[in-house]
1. Go through segment 49-95 and count every residue that is polar (S, T, N, Q) and open to solvent by less than 30 Å² (accessible area, probe 1.4 Å).
2. As an exercise: evaluate GLU110 against (1) open to solvent by 90 Å² or more (accessible area, probe 1.4 Å); (2) touching a Gly at 6+ places or on another chain (Cβ under 6 Å) and give the number of the one condition it does not meet.
3. Whether any residue in segment 80-103 is touching a strand residue (DSSP E or B) at 6+ places or on another chain (Cβ under 7 Å) and closer than 26 Å to ILE120 by Cα is what I want to check.
4. Among residues belonging to segment 31-48 that are surrounded by fewer than 11 Cβ atoms within 10 Å (Cβ to Cβ) and within 18 Å of the chain's Cα centre (by Cα), point out the one that is nearest to GLU87 (Cα to Cα).
5. Looking at ASN11 and the list (1) in a loop (DSSP other than H, G, I, E, B); (2) more than 16 Å from the chain's Cα centre (by Cα); (3) polar (S, T, N, Q), which single condition is not satisfied?
6. Taking only pairs six or more apart or across chains, which ones have beta-carbon atoms under 7 Å, a first residue in segment 94-116 that is closer than 17 Å to ARG63 by Cβ and of a type in the set (D, E, K, R), and a second residue that is modelled with pLDDT of 80 or more and open to solvent by less than 100 Å² (accessible area, probe 1.4 Å)?
7. Under 9 Å between Cβ atoms, at least 6 apart or on separate chains: pull out the pairs that start in segment 51-73 with a residue that is in contact (Cβ under 8 Å) with a residue 24 or more places away in the chain and end on any residue that is acidic (Asp, Glu).
8. State all residues of segment 28-57 that are touching a helix residue (DSSP H, G or I) at 6+ places or on another chain (Cβ under 8 Å) and either closer than 18 Å to VAL100 by Cβ or of a type in the set (A, V, I, L, M) (or both); if no residue qualifies, say none.
Amino acid sequence: MDTFDLRDFLNFIAHNVNKYTDKDIIVRGKPAKGRKARPLVDQINEAYCVITWGSAVALEAMRIGVPTISLGWCPAKLVSKKLEDLETNKMFEEPDRMAVYDNLTWSSFEREELPSAWDIVMENSKCQQI
């Protein structure tokens, strides 16, 4: 949340998710040095949905078939559901997961490409999605 200056994200989630579901909200903080956390895959496997603003955790959830809701920039944004989709049949619709992985390959760079990476990203953003 600090990285993207979104200190109010948890407040937003707490006040808006319960409009659409009465399921418990479990917040997973980033494990810090010396602190333990349950294995990520265990928590995701038990989740109805993963909600994030911009986390690669959504990729792992998507990979194993748990729906994701991405409220900001997120690697899994292409297959994101919406808060309004909670507790609806839309949560069971299979997303185009390969589109996400295909998109990520366009955002991967070799070290020698980094000086021109921004130009490449901007050029790719002009391309239509297939």
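1. 3
2. (2)
3. The answer is yes, given that some residue of segment 80-103 is touching a strand residue (DSSP E or B) at 6+ places or on another chain (Cβ under 7 Å) and closer than 26 Å to ILE120 by Cα.
4. GLU46
5. Evaluating ASN11 over (1) in a loop (DSSP other than H, G, I, E, B); (2) more than 16 Å from the chain's Cα centre (by Cα); (3) polar (S, T, N, Q) leaves (1) as the failure.
6. If the second residue must be modelled with pLDDT of 80 or more and open to solvent by less than 100 Å² (accessible area, probe 1.4 Å), the pairs left are ASP96/VAL79; ARG97/MET62; ARG97/VAL79.
7. Listed pairs, sorted by first residue: PRO67/ASP85; PRO67/GLU93.
8. LEU40, VAL41, ILE44, ALA47, CYS49, VAL50, ILE51, THR52, TRP53, VAL57
The values are calculated or read from the model by the stated rules, or taken from the named source; none is laboratory data. Keep in mind it's a predicted model, so treat the numbers as computed, not measured. A quick note on method: Cβ atoms are made from the backbone with ideal geometry, for glycine too, and the neighbour counts reach across all protein chains shown. Keep in mind that these areas ignore ligands, DNA and RNA; they rest on the heavy atoms of the full protein, side chains included. Shrake-Rupley method; radii C 1.70, N 1.55, O 1.52, S 1.80 Å.
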